[in-house]
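The next block holds one structure in the form of structure tokens; read it before the comments.
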Amino acid sequence: MPEIVRMSTEELAGFRQRLQTEYDAFRAQGLRLDMTRGKPAPEQLDLATALLGSPGNDWRAADGSDVRNYFGDLRGLPETRAIFADMLGVPVERILIGGNSSLALMHDSIVYALLHGVPGGRGPWSQQGEIAFLCPVPGYDRHFGLCEGYGIRMIPVPLTGRGPDMAVVERLVAQDASIKGIWCVPKYSNPTGEIYAPEVVERLAAMRAAAPDFRIFWDNAYAAHHLTATRHEVANIAQACARAGHPDRVFIFASTSKVTFAGSGLALFAASRNNLDWFMTHMGRRTIGADKVNQLRHARLLRDGAGLLAHMEQHRALLAPKFAAVQQVLQARLGGTGLATWTKPEGGYFVSLDVQDGLAKRVVQLATQAGIAMVPAGRTFPYGQDPRDRNIRLAPSFPSVEEVRQAVEGIALSVLLAGTEAAEQQRAA
Ligand SMILES: Cc1ncc(COP(=O)(O)O)c(C=O)c1O
């Protein structure tokens, strides 16, 4: 495919005409394809079907307690928490299982902080004037929605492909005491797929913070979600914070939403002893405990850390061909055009597509009109505003491989059409 900018005006007009014909034919198929949310496909959910018949008549936890009854430890069953100790990089004593959604735990952490403050702080965040969070971009829309919902100002920070731009983070956090937190998805980030480099983890842990109660919200949602044979590791943030003399700096979150059942799995919180005690004080007022029956089911299905990894291998076998299809089609249709760049993630659930500045909304509009459901352009940025209007998140997990191929064909066609439209307009101007 030639670069659009190198085409003569006649070549460009002919090219656009051919694209329009192809796009119209694509649209006329009346396809209904969904590339919106990162949902597991039914075959992935089938891997955990055994949960539905569990625990059956054997409802005793490892310590003999009856999981049908209240359980004494707010953190949940030790045998289930132990499964995730390696993945979280935190000893089992400092891991809590809290319900079915890690987003809910992030929400609760923010609300507890707003109402009561956090350990080492100077009281409730809500009584300290306007507060702010750093938001590495592009990022996860629901993190941004949480901040927006509670009036927390969002400050975008660019991602570099190896984590946030630490020079920017360090400067802002050191000088502005109203900055109370930063969102981090350290492995196979949503949507860029990037993996935080060891020096980024070290610098996050060690940097000087003007706010004594600054927190890293470390959302390790894709910790075990590899797409290649390499199980990438991220440096241990809890240990790095402790070494740097900031043991309470990080809240770690994860869940089994993309391990077992989405929204019906287990959500995890891990942190320092101080932070965990703080969290449990407030959580203990809200509930006597999370669902231990589900915790026992998960212990029976996954067994231990090795069992978790083996389970994730089966997910990989189902997901990798879909991600390969995305790469093949994007490369075949857009490679060499100069109209787009995209990530090649080695894990997680997303491909991040950057089109030419100012064209993302138009691309999404064209794709949507052609029957491909897409998240609105801009969603990967705070307040839904991508200042360059260029980022588009692709989520290939749910559709079949063939549907993914078709959808990406349609999206690539939309990128080509939008790009040639813009090139013609520019030349006419
Ligand atoms: C980065 C990230 N965190 C959290 C979640 C939601 O997790 P949960 O189902 O545990 O609330 C998602 C879901 O897409 C996600 O991408």
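The values are calculated or read from the model by the stated rules, or taken from the named source; none is laboratory data. For clarity, every value in this text was computed on a predicted model and none was experimentally measured. Note: ideal-geometry Cβ built from the backbone for every residue, glycine included; neighbour counts use all protein chains shown. SASA here: full protein model, heavy atoms, side chains in, ligands and nucleic acids out. Shrake-Rupley method; radii C 1.70, N 1.55, O 1.52, S 1.80 Å.
Structural remarks
- The share of accessible area on the chain that comes from carbon and sulfur is 51 percent, using a 1.4 angstrom probe.
- Karplus 3J(HN,Hα) series, Hz, for the range 202-210 with 6.51 cos²θ - 1.76 cosθ + 1.60 (x for Gly, Pro): 4, 5, 4, 5, 9, 4, 7, 10, 5
- Largest-first ordering by accessible area, 1.4 Å probe, given options L204, L103: L103, L204
- Helix-only [θ]222 nm of the chain, DSSP H runs n ≥ 4, -39500 (n - 2.57) each, per residue, nearest 500: -13000 deg cm²/dmol
- Cα-based helix-to-principal-axis angle, 360-369 vs the chain, degrees rounded to 10: 80 degrees
- With the whole protein complex present, S264 retains an accessible surface near 60 Å², based on a 1.4 Å probe.
- Accessible area per residue in Å² at 1.4 Å probe, computed on the chain: 41 Å²
- Ranking T287, T380, T341 from most to least accessible surface, computed with a 1.4 Å probe over the protein chains only, gives T341, T287, T380.
- For K180, the aspartates and glutamates whose Cα comes closer than 15 Å to its Cα, not counting residues fewer than 8 places off in the same chain, are E130, E148, E170, D213, D248.
- In order through the range 91-106: 3J(HN,Hα) via Karplus (6.51 cos²θ - 1.76 cosθ + 1.60), integer Hz, x for Gly, Pro: x, 4, 4, 10, 10, 10, 9, x, x, 10, 9, 5, 4, 5, 5, 5
- Rounded, prolate or oblate (a/c below 1.5 giving rounded, otherwise prolate when a/b exceeds b/c) for the range 320-417 by Cα gyration tensor: rounded
- When all protein chains stay in place and ligands, DNA and RNA are ignored, the 1.4 Å accessible-area order of K180, K344, largest first, is K344, K180.
- Scaling the Cα radius of gyration of the chain by the globular reference 2.2 N^0.38 Å produces a ratio of 1.05.
- Values of log10 I(q)/I(0) for the range 65-303 across q = 0.08, 0.11, 0.15 Å⁻¹ run -0.28, -0.53, -1.01, by the Debye formula with one identical scatterer at each alpha carbon and no solvent.
- The chain: antiparallel DSSP beta bridges as a percent of all, rounded to 5: 45 percent
- Note on the range 65-303: with charges restricted to the Cβ of Lys and Arg (+1) and Asp and Glu (-1), its dipole about the Cα centre is near 400 debye.
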